[in-house]
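The values are calculated or read from the model by the stated rules, or taken from the named source; none is laboratory data. Quick caveat, the model's predicted, so the values are computed rather than measured. Because the Cβ atoms are built from the backbone with ideal geometry, glycine has one as well, and the counts that use them run over all protein chains shown.
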Amino acid sequence: MTDTVSRAAVIDGKAFAEGLRARVATLAASFEQAAGRKAGLAVVLVGDDPASQVYVRSKGKQTVACGMASFEHRLPAETSQQDLLALVERLNADPAVDGILVQLPLPDQIDEQAVVDRIDPNKDVDGLTPVSTGRLALGLPGLVPCTPLGSLMLLKDRLGSLSGLDAVVIGRSILVGKPMAQLLLSENCTVTIAHSRTRNLPEVVRRADIVVAAVGRQEMVKADWVKPGATVIDVGINRIPAAEEGKTRLVGDVDYAGVSQVAGAITPVPGGVGPMTIAVLLRNTIVAAHRNAGMPLAEGTI
Ligand code: GUN
């Protein structure tokens, strides 16, 4: 490493998420005043996946800290699809619930899409129902998946207008890659979606002014894949063995040590996109609550 090598600016998702949660809390307080009830988020967890349990606990805590009501439903791993659908129907009908999130993945006996399809689109704070995904594809306002929306917020905070920039999204999942590409397209980026079958991936990525890595492969994006000065958003969260025996640590889909010598700006893991996901979930919940109570917030309020 020499002095002539530039170091990327670190995009502080933790700080941005704190600010977003503070804005949600302000809106949650005024909502409670006006509606005579708290905005409410229901989270459904089926089974005992340890990572999912950590997320769900964290979601509950942050929901309450923002002044909203949290309803947690923990069901055994052997829950039937019928019972889960019945719970979703109850939550759809419950006027205290503004947002419903069914934690994924679900156990094998359950058809995930069938469950997501049953969520009332007005309560779809995860943005995964066909109505929400359709509205996003059409460029209509609606509820957008949390991780891509959080990533877009970080990009716009860093770059201002994204218009005309070349963006490469690596990964085509329903939860991140596809909605991310739609969002970037609606910001007038020239968007490429790359995936496991893409030929000459390093070459494709090297064209990008904006790289969003969401593949779930540890440290896959290397320094020589990245155009100097590009903005790199690392959505990956991979747990790997740490140097110390028996310990683990988190790494992203981007080789941070190398890429941070080339990029203009980069999100760290942890502390980049991760904290944004729950903050945007809370944001989506307060947006849905206002709409469901007949007092919709103007577009761009939060
Ligand atoms: N599992 C991992 N991330 C998510 C998410 O954003 N939403 C849901 N429902 N499940 C997840």
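Overview of results
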quantity	calculated
Selection within region 85-105 - within 11 Å of the ligand (Cβ to nearest atom) and either surrounded by fewer than 14 Cβ atoms within 10 Å (Cβ to Cβ) or over 16 Å from ALA69 (Cα atoms) (or both)	VAL102, GLN103, LEU104, PRO105
Selection count, region 25-64, where residues are part of a loop (DSSP other than H, G, I, E, B) and either under 17 Å from ALA289 (Cα atoms) or modelled with pLDDT of 95 or more (or both)	5
Any hit, region 238-251, residues being without any contact (Cβ under 8 Å) to a residue 60 or more places away in the chain and surrounded by 24 or more Cβ atoms within 10 Å (Cβ to Cβ)	no
Pairs where the first residue, in region 10-35, is under 16 Å from THR267 (Cα atoms) and the second is outside any helix (DSSP H, G or I) and of a type in the set (A, V, I, L, M, F, W, C), C-beta under 6 Å, 6+ apart	ILE11/ALA265; GLY13/VAL273
Evaluation of TRP225 against (1) buried (at least 21 other Cβ atoms within 10 Å of the Cβ); (2) within 24 Å of the chain's Cα centre (by Cα) (one fails), failing number	(2)
Those residues of region 240-257 which are aromatic (Phe, Trp, Tyr) and more than 20 Å from PRO202 (Cα to Cα), in sequence order	none
Any chance SER173 is surrounded by fewer than 21 Cβ atoms within 10 Å (Cβ to Cβ) and away from the ligand (no atom under 16 Å from the Cβ)	no
Matching residues, region 107-165, being closer than 30 Å to ASP83 by Cβ, within 12 Å of the ligand (Cβ to nearest atom), in contact (Cβ under 8 Å) with a residue 24 or more places away in the chain and assigned to a helix (DSSP H, G or I)	VAL115, CYS146, THR147
Filter result (touching a Leu at 6+ places or on another chain (Cβ under 9 Å), of a type outside the set (A, V, I, L, M) and within 16 Å of the ligand (Cβ to nearest atom)) within region 56-78	LYS59, GLY60, GLN62, THR63, SER70, PHE71, GLU72, HIS73, ARG74
Pair list, Cβ under 8 Å, 6 or more apart: region 176-191 residue outside any strand (DSSP E or B), other residue modelled with pLDDT under 95	SER186/GLY139
Filter pass, VAL46 being over 28 Å from PRO270 (Cβ atoms), surrounded by 13 or more Cβ atoms within 10 Å (Cβ to Cβ) and within 14 Å of the ligand (Cβ to nearest atom)	no
Meets criteria (within 16 Å of the ligand (Cβ to nearest atom) and among the β-branched types (Val, Ile, Thr)) for ILE266	no
Flag for ASP234 being more than 30 Å from GLY67 (Cβ to Cβ), touching an Asp or Glu at 6+ places or on another chain (Cβ under 7 Å) and within 16 Å of the ligand (Cβ to nearest atom)	yes
Test: residue in region 90-101 that is in contact (Cβ under 8 Å) with a residue 60 or more places away in the chain and in contact with a His (Cβ under 9 Å, 6 or more places away or on another chain)	yes
Residue identified as under 24 Å from GLN113 (Cα atoms) and surrounded by fewer than 17 Cβ atoms within 10 Å (Cβ to Cβ) among ALA65, ALA77, ALA35	ALA77
Scope region 269-300; condition away from the ligand (no atom under 16 Å from the Cβ), more than 23 Å from PRO95 (Cα to Cα) and either surrounded by 19 or more Cβ atoms within 10 Å (Cβ to Cβ) or modelled with pLDDT under 95 (or both); matching residues	GLU299, GLY300
